[in-house]
Amino acid sequence: SYTERSAIIQMYGSNWRKIHSQNSSYCSWKGITCSSSEMSNSVIELLLIPGHAPVSSFSESIFDALTDLRVLIIDGEIISEREISDVLLLTYLPGLVLTNNALSDTFPLELFSFTKLEHLVLQGNDLLSGSLPTEIGMLTTLKELEISNNGVNGFIPSEVGKLVDLSVLKLENNRLYGTIPAELWSLDNIDKFNIDGNSFDS
């Protein structure tokens, strides 16, 4: 099994040796944010993008060691579809960002098992297609939902109206159409809202 440090080193692989001193704190590495608590100095956010934090090895067992991780950001095609499947097992995460072709299929149904999810950003995945499932209404803890610049099509399900804590809803530049459900206008906490670039009924 991995310790938090060995998990991070395994993830960075040979690139880690080129960029960082073996004795340096991984909390100072690019793409890693640690808690500032005096009681704990553990990883709470990981940003993985090409050329920033190159991924050498990526699996569910690595994430088992990152027990305080709260936000995972993966930008670009830096991991395989199998490894994306491992990410979708991290159902305890409050924040998940998969952008710029990190996804290339239909909306991942595994996301509906994320019971603490507050921030979900699936932006800029040109090959992400299919409709927005009605199960989206199960993610009642969501505060931010961004699914812009994808190939998502069909209607906006009325179940989005169940996400009463939403403050950000961005669905622009997809292939959505039909009538905008009235339930959207009852979301009182919305601060940022964008559905431009679709084909809704006028």
Can you compute 3J(HN,Hα) from phi for each residue in the stretch 164-179, using the Karplus curve 6.51 cos²θ - 1.76 cosθ + 1.60 with θ = phi - 60°, rounded to whole Hz and x for Gly and Pro? 6, 8, 4, 10, 10, 9, 10, 10, 5, 6, 10, 10, 6, 8, x, 8
Would you mind telling me the share, in percent, of accessible area of the chain contributed by carbon and sulfur at probe 1.4 angstrom? 46
Report for the chain the percent antiparallel among DSSP-assigned beta bridges with both residues inside it, nearest 5. 10
Protection-proxy order for peptides 152-160, 185-193, each taking the mean of Cβ atoms within 10 Å per residue, highest first: 152-160, 185-193
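Return the FRET efficiency for the residue pair GLU110, ASN189: r is the Cβ-Cβ distance, R0 is 25 Å, and the value is rounded to the nearest 0.05.
For GLU110 and ASN189, the calculated efficiency is 0.40.
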What nm value, rounded to one decimal, do you get for the distance between VAL164 and ARG5 when each label is placed 7 Å out toward the C-beta? 4.8
Based on DSSP H runs of at least 4 residues, each adding -39500 (n - 2.57), what is the mean residue ellipticity at 222 nm of the chain after dividing by all its residues, to the nearest 500 deg cm²/dmol? -3500 deg cm²/dmol
Which value, to two decimals, describes the C-alpha radius of gyration of the chain once divided by 2.2 N^0.38 Å? 1.10
Please work out the FRET efficiency for the pair GLU83 and THR134, using the Cβ-Cβ distance as r and a Förster radius of 25 Å; give the result to the nearest 0.05. 0.35
Can you compute 3J(HN,Hα) from phi for each residue in the stretch 137-151, using the Karplus curve 6.51 cos²θ - 1.76 cosθ + 1.60 with θ = phi - 60°, rounded to whole Hz and x for Gly and Pro? x, 7, 8, 6, 8, 5, 10, 9, 10, 10, 10, 8, 6, 10, x
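Over the stretch 39-137, what per residue volume does the convex hull of the Cα atoms give, in whole Å³?
Per residue, the Cα convex hull of the stretch 39-137 comes to 100 Å³.
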Checked the stretch 85-162 with the C-alpha gyration tensor, a ≥ b ≥ c its square-rooted eigenvalues, rounded below a/c of 1.5, otherwise prolate if a/b is larger than b/c and oblate if not; verdict oblate
1.4 Å probe accessible area per residue over the stretch 54-157, in Å²: 40
Quick one: in the stretch 111-202, what % of C-alpha pairs are over 20 Å apart? 27
From the phi angles alone, apply the Karplus equation (6.51, -1.76, 1.60; θ = phi - 60°) to the stretch 120-130 and give each ³J(HN,Hα) in whole Hz, x where the residue is Gly or Pro. 10, 10, 10, 10, x, 9, 4, 9, 7, 10, x
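The values are calculated or read from the model by the stated rules, or taken from the named source; none is laboratory data. It should be emphasised that the depicted structure is a prediction, and the values quoted were computed from it without experimental measurement. Heads up, the Cβs are rebuilt from the backbone with ideal geometry, glycines too, and the neighbour counts pull from every protein chain shown. To get the accessible areas, we keep the full protein, side chains included, count just its heavy atoms, and leave off ligands, DNA and RNA. Shrake-Rupley method; radii C 1.70, N 1.55, O 1.52, S 1.80 Å.
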